[in-house]
1. It is to be established whether one or more residues within the range A:422-436 are surrounded by 24 or more Cβ atoms within 10 Å (Cβ to Cβ), touching a residue at least 60 places away in the same chain (Cβ under 8 Å), on the phi < 0 side of the Ramachandran plot and more than 8 Å from chain B (Cβ to nearest Cβ).
2. For the range A:107-128, which positions are surrounded by fewer than 18 Cβ atoms within 10 Å (Cβ to Cβ), among the aliphatic types (A, V, I, L, M) and in contact (Cβ under 8 Å) with a residue 24 or more places away in the chain?
3. Quick one: which of B:67, B:94, B:57 is over 19 Å from the mean Cα position of the chain (by Cα) and in the same structural domain as residue B:381 (by TED's automatic domain parsing)?
4. Going by the structure shown, is residue B:258 outside the structural domain of residue B:42 (by TED's automatic domain parsing), surrounded by 23 or more Cβ atoms within 10 Å (Cβ to Cβ) and either under 26 Å from the mean Cα position of the chain (by Cα) or of a type in the set (A, V, I, L, M) (or both)?
5. Can residue B:266 be described as away from chain A (no Cβ under 14 Å) and of a type outside the set (Phe, Trp, Tyr)?
6. Considering (1) buried (at least 17 other Cβ atoms within 10 Å of the Cβ); (2) within 14 Å of chain B (Cβ to nearest Cβ); (3) not aliphatic (A, V, I, L, M), say which one residue A:299 fails and leave the rest.
7. In the range A:253-277, which residues are buried (at least 24 other Cβ atoms within 10 Å of the Cβ) and either acidic (Asp, Glu) or within 14 Å of another protein chain (Cβ to nearest Cβ) (or both)?
Amino acid sequence: MSTTTVEVLVIGGGATGAAALYDLARRGVRALLVEQHDLSTGTSGRYHGLLHSGGRYVVSDPATAKECIDENRVLRRIAPFAIEDTGGLFVATPDDPADFVPKWVAGCAHAGIPIERLTAEQVRAAEPALTPRITAAYRIPDASCDSFDLIHAFVEAARHLGSDAWTYQRVTRLLVEGGAVVGAELEDTRTGAQRTVHAACVLNAAGPWAGVVAHQAGLDVQIKLNRGTMVAMNTRYIHTIVNRLRPPSDGDIFVPVGTVCVLGTTSIDTEDPADIHIELWEVSKMLAEAEPVIPGIREGRALRAWAGVRPLYVPPEDRGQEAANDHEVSRQFAVIDHAKRDNLRGLITVVGGKLTTCRLMAEHAVDVVLQQLGKTIPCTTADEPLPVEEPRRYHELPHRLHKLEHGERGGQLICECEIVSRPQLEAAIEAYGDQPVALDDLRRDLRLGMGPCQAGFCGYRAAGILQQQRGDPDGIGTRALADFVEERFRGVYPLLWGHQLRQFYLDELIYRRVLGLDALIQPLNAEEQADAG
Amino acid sequence: MPDNANADGRKHPQGTGRTDVIVIGAGLSGLAAAGHAIRAGAKVRLIAMGWGQQKVAPGWISVCDRAEDDVIAEVRGHAVLHPEHPYGLAGADAMLQGLEQFRALAEEAGLFYDWRQKDGHNMRLMTALGAIQRPAMAPRAMAYGDLTDVSGPVLLVGFTGWRDFYPEMAVNNLRAQGFEARALWVTLPGVDQYWDPWPNELAQSFDNAAFYEAIARQVQPHARDAALVGFPAVLGQDNHNDTVQRMAEQIGRPVFEIPTLPPSMPGHRLSRRLTHWMLHQRARVQVGHPVVRARVENGRCLSVEVEALGHINTFYADEFILATGGLYNGGIKSDDAGRLWEPLFDLPLVTPPGEDRADWYHERLLFEHGHPIHRDTGVRVNPAMRPLNAAGEPVLENVAVIGQMLAGFNPLTDGCAEGIELATAYKAVQTALQLDTQETTR
């Protein structure tokens, strides 16, 4: 078993962990981040893409609203490459409680969120797809934010400063010696290899898994796990983020992200941090909620649905109390110093919060980490932009189209929906060296297979190129394709009616009848079952 | 005056807007039904919103893929045991006659379909991944690739830089199943002029002798020990028969085609050839126009209305054959609340159990037994292919429903999709035109 020693070990490759890694590095503390999957695959990657202005929380949770507007400004400054300044709208319809509007306006003023009242004509000019039945509308500085780009930028910047991040490393045990956490044992979730990391301090930023991690040191951290479902529609119906001007509830946020429009969200309590399943009624509910705001959207094509688990922090004084609904549970975050709370040194847990406030959460958490290390170095993450050599911008379809149309021949298009070229794909495979690589990793790197056909065509092509490049005689391509097919299907399973039902009939026809993939994987599945048995 | 009636119906239904049969849908079943009716001497109009599934399917004819020996005997047995299955309703004779009629029709149009005449068994044809599929009949260039009796290695040819065929994956999987196989990459002449050629663009290049000869020259030195030489199914569009024959001569080995990602060239060739043939037979063919309404009185369909270029045209016929292809092709619609409906005649449908969409799909796409939505959704018909209501009574006396509109089979997993399309198309035409069904002893 290999052993590594670092000053600080950060657990969790979401927005908070990545921001903490960067924060530590800027304060001169070399740290290692470990993540059980790939970066940005947990809650941070499973959100609607909204950089909050705070407007959503001004009435129910003013403290969070204030944090949101402050951090909204900071992230626009330090991570402009990850943000599309769509602006936001809060709109009220005749179905919404009229007395909420003045409360909300006052809340915005109190939190320092700049709003501008729009006339019906202004709304219609700006967003013609919105219903004409709008009774009040306000412009607000919401934006759309790509968490993937943000997290990768944090990690890359930290790497430049001498820190590192390891993916597919699950913490199997926290090492406790003499009243202190002194490191962790890791298992590679793909190869099964074991490793030990010694650290003077461990920062638990595992999001919904934070309770599981704390439990490995015998501690109890109470997190309210709450699942939210989002649906991406195939068309960018709106170009501004639209929020319902009403108390937060299901399906009242509409976010233009790249070429799609994301509808969010539901709010359902769960016990399991890995519970990302979707109920059919959630999808129908979101479409039904969207229809009065964006008429006709229900006839549109739903591309993909996903769910994320919010790790909400319930302060001890609030436990046992029922919130009016789960959307009203505080989005505040907490940094738990286990030395003070549990008399166990070397472990700090950070829970709660929003993606929008990830940098602030990291700042507070790292303050406590440094305290334990006996250092006082001020936080500088808000001071200057993240160094990004070449913005990834892979999510911007127009950007890719522009490059193609202006002479830069990118090579063959492997994924037509998302404009992923063969050289891009080959370079991405190359970057994994001899590490295992799944088509789903390449999807996250390149957006491969994320368009309307959901890998019906590019899946086979990418598998063929992977096979060619790796030259593996055991047929890495076939297995990779089978895994990718099922992974893509999970995301559309709740959306199979109308257009997407027809799309997946075609995809199924390609995989079964044209390629015979089902016949090839049956023996493989049987082998696996035999091995497991 | 074109042969459409005025909207007020002043033009008499017996006028030029009238044909004996209107076939709605240009998939395999619609084309076969139209072709069969034309060959039987009827005046036919074919109307379709678009081409059917042959444009994305492998191209071969699956009759009963699971049959280990005699395919027809297997279907006969199945039809007897399952009288409600489309084969049970149409009858095994209709299936056999449907296949023979289709073969004859395709041949008249200039395309050849073969089956294993020596034993009547299914073939063993490979996919681009190297899986073995077992259709009963296939376009000749695919049938050449029957691996049942192959002795010696199969050489699989890929085109360097072409995104739609990767022979290594097929080689790996063929070897794992005990076949000898090798991959060879060759260069497409003048590849620089291509910007991601689709299969149909490449197929057009293969119509050109200079192009395919340049490919054959590169393959020939590597094919000496090969029993068969496989290519992706892009060997020509209109000159396909010649291209395959000449390439085989030049390479000195039998050349066969492997299905590609859509569009499917075998289906494309079939659609083109049959359309030309039908027009030549003075049939009316309108592809690209939706039938928006049907006029029904007293259980008879009188006419259908077609939207074309912003106008509504009305067409009359004695018999109507609905071949609109089920859920995939738009013949059956669905929504997020779990409703399923047939949009033209609002025909009674069989639907999966349950109130919403919860039981439509299994949670894995490639689940071995397929998804309930594909098997359990469709129209129920009687042996004359007339649509039935829940009580089992015919609801329309001059409308036949065929192909993938029918309930009771899964076209993706049951290995009988084309067999059912051809059998029910044949049966519908026989009833519509009151032709005697030929008995067969086979």
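The values are calculated or read from the model by the stated rules, or taken from the named source; none is laboratory data. The structure displayed is predicted, hence computed values, not measured ones. Positions of Cβ are backbone-derived with ideal geometry, glycine not excepted, and every protein chain shown enters the neighbour counts.
1. Scanning the range A:422-436 turns up no residue that is surrounded by 24 or more Cβ atoms within 10 Å (Cβ to Cβ), touching a residue at least 60 places away in the same chain (Cβ under 8 Å), on the phi < 0 side of the Ramachandran plot and more than 8 Å from chain B (Cβ to nearest Cβ).
2. Of everything in the range A:107-128, just one residue is surrounded by fewer than 18 Cβ atoms within 10 Å (Cβ to Cβ), among the aliphatic types (A, V, I, L, M) and in contact (Cβ under 8 Å) with a residue 24 or more places away in the chain, namely A:126.
3. Of B:67, B:94, B:57, the one residue that is over 19 Å from the mean Cα position of the chain (by Cα) and in the same structural domain as residue B:381 (by TED's automatic domain parsing) is B:67.
4. Yes: the conditions hold for residue B:258.
5. no
6. (1) is the only condition that residue A:299 fails.
7. Listed by number, the list holds a single entry, A:263.
This table checks each residue for (1) part of a helix (DSSP H, G or I); (2) at pLDDT 95 or above; (3) touching a Phe, Trp or Tyr at 6+ places or on another chain (Cβ under 9 Å).
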position	(1), (2), (3)
A:479	yes, no, no
A:482	yes, no, yes
A:491	yes, no, yes
A:499	yes, no, no
A:507	yes, yes, yes
